[in-house]
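Right, one structure below, let's go through it.
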Amino acid sequence: MRTPAFFAALAGLTLAATPAAALDHHMTTGKTVVEVATGNSDFSTLVAAVKAADLATTLSGKGPFTVFAPTNAAFAKLPAGTVDTLLQPANKATLTSVLTYHVVPGRVNAAQLTKLIRDGGGTATLTTVQGGQLKASLMGDRIMLTDAKGGMAHVVTANVNASNGVIHAIDAVVMP
């Protein structure tokens with residue numbers, strides 16, 4: 001059974017899709033992650049995925065959550081046909097798994113995450129709402145995520161605060 005915290009985390013995931021250039025701390029004041037994502041065309045793929053997974057109604061939960069939100073450009077890096085395949089009704093469970101893999105319970109800003117990485121000897125392990133793990137490390141002064149398959153994504157815009165969490169836009173889709 002899915003808990004309210006699960007849905008709240010999904011809500012945070014959806015909003016994380018706001019593109020780096022379009023994420024403006026001023027315009028997100030008081031908005032939920034859902035409002036941030038749906039108001040930004042650079043996250044249209046993420047928003048479409050959330051709707052296809054029937055997660056849109058969960059996107060205004062209280063949280064807090066940390067959302068690593070892939071931009072449209074991040075989705076475009078996937079092999080041809082991947083997004084279309086995931087959006088098909090028959091693949092709803094897989095899509096939900098991928099989306100919830102981008103959400104971590106709690107509000108973790110970039111400074112806190114950097115401290116966790118340093119305290120962990122160069123790596124911090126984050127448990128996602130999906131149940132899998134992401135490894136966070138530093139590449140220079142940029143936060144890098146490594147997924148379960150060895151894929152990597154960089155945080156391109158950090159600390160976009162929403163009323164129900166924090167969004168970090170990323171340049172690749174991480175996979176469970």
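What per residue convex hull volume, in Å³, do the alpha-carbon atoms of the stretch 30-134 yield?
Working: hull volume 12.1 nm³, N = 105.
Normalising the Cα hull of the stretch 30-134 by residue number yields 115 Å³.
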Problem set entry | N109-T85 FRET efficiency (beta carbon distance; Förster radius 25 Å; 0.05 resolution) | 0.15
Problem set entry | Too-long pairs where the Cα-Cα distance tops 19 Å, listed order kept, from K115/K135; K62/K92; K115/K149 | K62/K92; K115/K149
Exercise. Each residue of the stretch 127-144 in order: what ³J(HN,Hα) in whole Hz does its phi give by Karplus 6.51 cos²θ - 1.76 cosθ + 1.60, θ = phi - 60°, with x for Gly and Pro?
Worked result: 8, 8, 4, 5, x, x, 10, 10, 9, 10, 8, 10, 10, x, 9, 9, 7, 10
For this session: Please work out whether the stretch 115-176 counts as rounded, prolate or oblate from its C-alpha gyration tensor, where a ≥ b ≥ c are the square roots of the eigenvalues and a/c under 1.5 means rounded, while otherwise a/b larger than b/c means prolate and anything else oblate?
Result: rounded
For this session: For the stretch 43-158, give the magnitude of the charge dipole about the Cα centre (Cβ charges: +1 Lys/Arg, -1 Asp/Glu; no others), in debye to the nearest 20.
Result: 160 debye
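Every number here is computed from the coordinates shown, using simple stated rules; none is lab data. Owing to the predicted nature of the structure, the values given are computational and were not obtained by experimental measurement. Backbone-built Cβ (ideal geometry, glycine too); neighbour counts: all protein chains shown.
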